[in-house]
1. For the structure I just gave you, tell me whether SER177 is over 30 Å from LEU30 (Cα atoms), at pLDDT 95 or above and surrounded by fewer than 20 Cβ atoms within 10 Å (Cβ to Cβ).
2. Would you check if there is a residue in segment 90-104 being within 18 Å of GLN146 (Cβ to Cβ) and out of contact with any His (no Cβ under 8 Å at 6 or more places or on another chain)?
3. Only residues in segment 18-35 that are of a type in the set (Ser, Thr, Tyr) count as the first member; pair them with residues that are surrounded by 10 or more Cβ atoms within 10 Å (Cβ to Cβ), Cβ under 8 angstrom, at least 6 apart or cross-chain, and list the lot.
4. Determine, yes or no, whether THR148 is over 23 Å from ALA176 (Cα atoms), in contact (Cβ under 8 Å) with a residue 24 or more places away in the chain and of a type in the set (Val, Ile, Thr).
5. Considering only residues that are small (Gly, Ala, Ser), part of a helix (DSSP H, G or I) and modelled with pLDDT of 90 or more, which ones fall in segment 1-49?
6. Select from segment 53-67 the residues that are farther than 17 Å from GLU114 by Cβ and in contact (Cβ under 8 Å) with a residue 12 or more places away in the chain and write down the one among them that is surrounded by the most Cβ atoms within 10 Å (Cβ to Cβ).
7. Could you list, in sequence order, the residues of segment 179-191 that are under 17 Å from CYS120 (Cβ atoms), of a type in the set (Gly, Ala, Ser) and within 21 Å of the chain's Cα centre (by Cα)?
8. Restricting to segment 103-127, count the residues that are within 18 Å of LYS79 (Cα to Cα) and not in a helix (DSSP H, G or I).
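The values are calculated or read from the model by the stated rules, or taken from the named source; none is laboratory data. Just so it is clear, the model here is predicted, and its values are computed rather than measured. Reconstructed Cβ throughout: ideal geometry from the backbone, glycine too, with neighbour counts over all protein chains shown.
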Amino acid sequence: MSATTTHPAGDTARIADDTARKVGEIKALLRPLMNGVLSQSLRERGLRYRLIYGIELPRLKELAATLDKSHALAQALWKEDIRECRILAGMLQPPETFLPDICDIWMDDIHDAELADYTCMSLFRHLPYASEKAFQWIASDDALEQYTGYRLLCHLLNKPGAVLSPRAHDELEDQASAAAESPNRALAEVAAMALDRLREKKD
């Protein structure tokens, strides 16, 4: 008697169906929490999403705590182009399956400092290649990529025992000193913060 095996295509379809069902369930949980005033305020600040529920971060953290981390679910939530789904995606994505090419795709999809902040906090700082990406982004011509790189470096420099090589230290000091003079206020502030953290480590 031959062993019975499940066809890989069948597994893929089942996982996709299960993931789509979970995304639907999460969106159903989000709708009653919608805050119209905050949603409108975020729109006026220039946030670009297909949909903004206007749910505060503490409530999203509470929801994420009830869900298992899942690569498939996180990727599906990110593709929804809904503010709250993308914030949750960063909380639910396991760092070990978040490859550098996927990281680049997510960075391309980040269009505001809020999502950059939350994703750095919940995911990017835990990546084994976080430092490499941070230095890549601060060297970018794009202001938001630079912002994200400096925000990520602030997290990394906060880690106990964090040490930069002399070359990396000098590169960060030079780049951050220039960015701290940027007319982009958000970029200037986060670059100055990274510079302060760097000098604290030196002292």
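1. Spelling it out, SER177 is indeed over 30 Å from LEU30 (Cα atoms), at pLDDT 95 or above and surrounded by fewer than 20 Cβ atoms within 10 Å (Cβ to Cβ).
2. There is at least one residue in segment 90-104 that is within 18 Å of GLN146 (Cβ to Cβ) and out of contact with any His (no Cβ under 8 Å at 6 or more places or on another chain).
3. The qualifying pairs are THR19/SER70; THR19/ALA72; THR19/LEU73; THR19/ALA76.
4. No: the conditions fail for THR148.
5. Listed by number, the residues that qualify are ALA20, GLY24, ALA28, GLY36, SER39, SER41.
6. In this case the residue turns out to be LEU63.
7. ALA186, ALA191
8. The qualifying residues number 4.
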